[in-house]
1. Only one residue in Leu112, Leu154 is outside any strand (DSSP E or B), out of contact with any Leu (no Cβ under 6 Å at 6 or more places or on another chain), open to solvent by 10 Å² or more (accessible area, probe 1.4 Å) and not acidic (Asp, Glu). Which one?
2. Can you confirm whether region 130-148 contains a residue that is open to solvent by 10 Å² or more (accessible area, probe 1.4 Å) and within 22 Å of His364 (Cβ to Cβ)?
3. Can you report the number of residues in region 53-65 which are in contact (Cβ under 8 Å) with a residue 12 or more places away in the chain, open to solvent by 10 Å² or more (accessible area, probe 1.4 Å) and not in a loop (DSSP other than H, G, I, E, B)?
4. Since Phe179 meets every condition but one in (1) closer than 21 Å to Pro234 by Cα; (2) free of Cβ contacts under 8 Å to residues at least 40 places away in the same chain; (3) touching a His at 6+ places or on another chain (Cβ under 9 Å), which condition does it not meet?
5. Give Ala84, Ala78 a once-over and let me know the one that is assigned to a helix (DSSP H, G or I) and open to solvent by 10 Å² or more (accessible area, probe 1.4 Å).
6. Criterion first (farther than 16 Å from His132 by Cα, of a type in the set (A, V, I, L, M, F, W, C) and assigned to a loop (DSSP other than H, G, I, E, B)) does Ala68 satisfy it?
7. Please work out which residue is nearest to Val245 (Cα to Cα), limiting yourself to region 115-136 and to residues that are in contact with a Lys or Arg (Cβ under 7 Å, 6 or more places away or on another chain) and assigned to a strand (DSSP E or B).
8. Which residue pairs have Cβ atoms under 9 Å apart, sit 6 or more places apart or on different chains, and have a first residue in region 159-173 that is open to solvent by less than 10 Å² (accessible area, probe 1.4 Å) and a second that is basic (Lys, Arg)?
Amino acid sequence: MTPPLFLGSEIYRGSSYGGWHPLRIPRVSTAMDLSRAMGWLPREVYLTSPRAKAKALEIWHTPEYLAALQQAETTGVATDEMKARHGLGTHANPIYPEVWRRPATAAGASLLAGELLKDGGTIYHPGGGTHHGMPDRANGFCYLNDPVLAILSLRRNGAQRIAYLDIDAHHMDGVEHAFADDPDTLLISTHEEKRWPFTGALDDAGIGQTYNLPLARNLNDTEMAHILDHLILPLIEQMAPDALVLQCGADAVEEDPLSRLTLSNNAHWAIIHALKDAAPRVLVLGGGGYNPWSVGRLWTGVWATLNGHDIPDRLPPNAQDVLRALTWDNHSRGKSPPEHWFTTLRDAPRPGPIRPETQDRVAHLAARPRFFGS
């Protein structure tokens with residue numbers, strides 16, 4: 001069996017949205033460095049992500065928006081028109097030195113993944129998962145929508161039935177915008193209720209193939225296992241997709257500053273383990289995650305799970321060095337991080353009761369008539 005491939009790039013190490021932005025932290029580079037320190041990322045399974053050309057992105061994004069994004073990188077500023085029409089130069093979507101090259105690199109990897117998976121396999125692209133981007137504007141830290149581009153690339157390369165699962169703490173508004181009317185794309189999103197972008201209500205169903213599960217704060221591992229067993233797995237098994245795209249945002253864990261969900265990283269890895277063989281083509285993307293230690297540890301564990309590696313109770317010294325070198329400026333939790341953020345990948349499990357609202361919402365979605373696949 002061909003081993004999974006890891007698509008990465010050094011551009012994530014050398015770029016930042018700015019010293020005040022939640023995405024000022026290193027994320028993909030930490031997963032790369034930790035995976036190498038563990039001996040899990042030999043050269044033969046690592047590919048450097050290409051940078052997509054603007055013309056290739058026109059399969060979903062408008063030429064006007066792509067031109068504006070490139071202009072913003074060249075000039076370093078967004079005009080009033082760019083801000084009004086394209087959402088560029090805002091607090092959420094600032095202009096920074098790599099504002100075109102970085103998202104174009106993530107998009108290039110997602111487009112390439114569709115081609116590489118033509119005959120099957122598994123690809124991990126932690127720099128992807130920018131699920132808020134819209135055709136003509138930046139949205140929610142996302143300048144391009146690489147999950148949409150990945151799905152379109154998979155379809156262009158022979159996958160007809162595609163399942164998209166999004167376990168980010170924030171709703172997949174851009175992906176739903178693209179595929180809410182597509183019977184061959186199953187959309188499943190678990191996300192915190194009453195949180196930006198304030199979309200993805202329980203009864204927002206597209207044409208019947210969209211399953212939105214808004215979740216109350218303090219979601220625990222037991223509840224996520226219930227969601228996996230009673231909603232996610234049955235839907236994907238019934239569809240029997242040609243390809244599965246999983247957006248594995250790391251912001252639903254307890255340590256993340258931008259949500260009030262309280263999962264441990266074990267919950268994410270359990271989903272990866274359950275679904276890694278659910279389709280002949282599997283693409284796992286990153287997404288949100290705004291604590292440098294929790295996102296780096298979680299995403300490294302995703303790569304380990306995809307490969308069947310055992311996650312040790314204690315990291316070797318060279319892996320600990322990667323984590324000890326991280327900083328989290330301008331956040332209280334960065335001042336005195338707990339020791340286990342340096343010495344382990346695995347969080348302590350966070351079990352709990354399956355609350356009535358979780359059970360009722362899962363049952364509501366599970367009981368809906370199924371309408372997907374042609």
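1. On the way: Leu154 fails: open to solvent by 10 Å² or more (accessible area, probe 1.4 Å).
Of Leu112, Leu154, the one residue that is outside any strand (DSSP E or B), out of contact with any Leu (no Cβ under 6 Å at 6 or more places or on another chain), open to solvent by 10 Å² or more (accessible area, probe 1.4 Å) and not acidic (Asp, Glu) is Leu112.
2. No, the conditions are met nowhere in region 130-148.
3. Final tally of qualifying residues: 3.
4. Against the list (1) closer than 21 Å to Pro234 by Cα; (2) free of Cβ contacts under 8 Å to residues at least 40 places away in the same chain; (3) touching a His at 6+ places or on another chain (Cβ under 9 Å), Phe179 comes up short only on (3).
5. Ala84
6. For Ala68, the condition - farther than 16 Å from His132 by Cα, of a type in the set (A, V, I, L, M, F, W, C) and assigned to a loop (DSSP other than H, G, I, E, B) - is not met.
7. Checked region 115-136; the qualifying residue nearest to Val245 (Cα to Cα) is Thr122.
8. Ala159/Lys118; Ala159/Arg281; Ile162/Arg155; Ile162/Arg281; Ala169/Arg195; Ala169/Arg260; His171/Arg195
The values are calculated or read from the model by the stated rules, or taken from the named source; none is laboratory data. Not measured: the values here are computed from a predicted model. As a convention, Cβ positions derive from the backbone with ideal geometry for all residues, glycine included, and neighbour counts pool all protein chains shown. With ligands, DNA and RNA removed, areas are computed over all heavy atoms of the protein, side chains included. Shrake-Rupley method; radii C 1.70, N 1.55, O 1.52, S 1.80 Å.
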